[in-house]
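Presented below is the structure to which this report refers.
What follows is calculated from the coordinates using simple rules that are stated; it is not laboratory data. As the structure is a computational prediction, the values presented were derived from the model and not from experiment. All Cβ positions, even for glycine, are placed from backbone atoms using ideal geometry, and neighbour counts span all protein chains on display.
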Amino acid sequence: MNGEIPSGATFQLAVSEAAGQLDDRSALRSIPLFRHGTLLVKYYAPRGTDQQTPHTRDEIYVVARGRGVFFDGASRRPFAAGDLIFARAGVEHRFEDFSQDFGVWVMFYGPEGGEAT
């Protein structure tokens, strides 16, 4: 991409294309891909450990590749490609024990602080 986050009436991107845009030298391993209204779509593929901290907006993950364990601040649950995971704004969460090919579509939406308390 040219540095701008696309927006528009339609958008399509293959997982392989999204993963190919990540910088292997970067510790962040997340890239914004599409924006529409409050919706921001990213692709996230941490390596080693997931260093993320609670986010200020609600988010949905769709596991595109791999498997592992999702920690929601209180419990741990296994996940695999195709699974959908929701994390409310401000809630501690992270991916653990994930496979090397792990990657997720991340969709942030709604207002700062989340849609519902």
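When Rg and the Kirkwood Rh are both derived from Cα coordinates, the Rg/Rh ratio for the chain amounts to 0.95. Listed peptides 31-43, 47-59 appear in the order 31-43, 47-59 once ranked by packing, highest mean of other Cβ atoms within 10 Å at the front.
Tally Lys and Arg at +1 and Asp and Glu at -1 over the other residues with C-beta under 9 Å from the C-beta of ASP50: what net charge comes out?
Values: positive: ARG94; negative: GLU96.
That works out to 0.
Computed on the chain, with alpha-carbon pairs under 8 angstrom and 6+ residues apart, the relative contact order is 28 percent. Go ahead and collect, in residue order, the members of segment 18-36 whose backbone nitrogen is under 14 Å from a label point 7 Å along the Cα-Cβ direction of ILE60. The answer is 36. What the phi angles of segment 78-94 give under the Karplus curve with 6.51, -1.76 and 1.60, with θ = phi - 60°, is a coupling list of x, 9, 8, 3, x, 6, 10, 10, 10, 10, 5, 3, x, 8, 4, 6, 6 Hz, glycine and proline written as x. Charge tally for ASP101 (other residues, Cβ to Cβ under 12 Å; Lys, Arg +1; Asp, Glu -1): +3.
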